[in-house]
1. Anything in region 28-41 that is of a type outside the set (S, T, N, Q) and surrounded by fewer than 12 Cβ atoms within 10 Å (Cβ to Cβ)? List them, or say none.
2. Between a residue in region 3-23 that is without any contact (Cβ under 8 Å) to a residue 60 or more places away in the chain and any residue that is of a type in the set (Val, Ile, Thr), which pairs come within a Cβ distance under 6 Å, given they are 6 or more apart or on different chains?
Amino acid sequence: MNLMELYKENATSIISNAAYLLVAGSGNFAQNYFINPILQKLYTPYQFSDVLMQEYYNFIQARPSQPCIFS
């Protein structure tokens, strides 16, 4: 096994056993919606909050076997 394969194997092992922190708050909404005029034209604030919630849900569903800490 060469050095690059060893690094890749170690990195995969570390990442696959890692916990991650998902932080979602008003900053996510404000920094994306109110600063981007295109989003304001595409969505009402309520519609955009639904879009964000769907994205968070998809993110969590894509990682069912990994531990997640919600904040």
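1. Start the filter on region 28-41 by keeping residues that are of a type outside the set (S, T, N, Q), which leaves 29-30, 33-35, 37-39, 41.
If the condition is that a residue be of a type outside the set (S, T, N, Q) and surrounded by fewer than 12 Cβ atoms within 10 Å (Cβ to Cβ), then Ala30, Ile35, Pro37, Ile38, Lys41 are the ones that fit.
2. From region 3-23, the pairs are Leu21/Ile69.
Each value in this text was obtained by applying a stated rule to the coordinates, not by laboratory testing. What you are looking at is a predicted structure, and each value in this text was computed from that prediction instead of being measured. Neighbour counts are summed over all protein chains in view; Cβ atoms, including those assigned to glycine, are modelled from backbone coordinates with ideal geometry.
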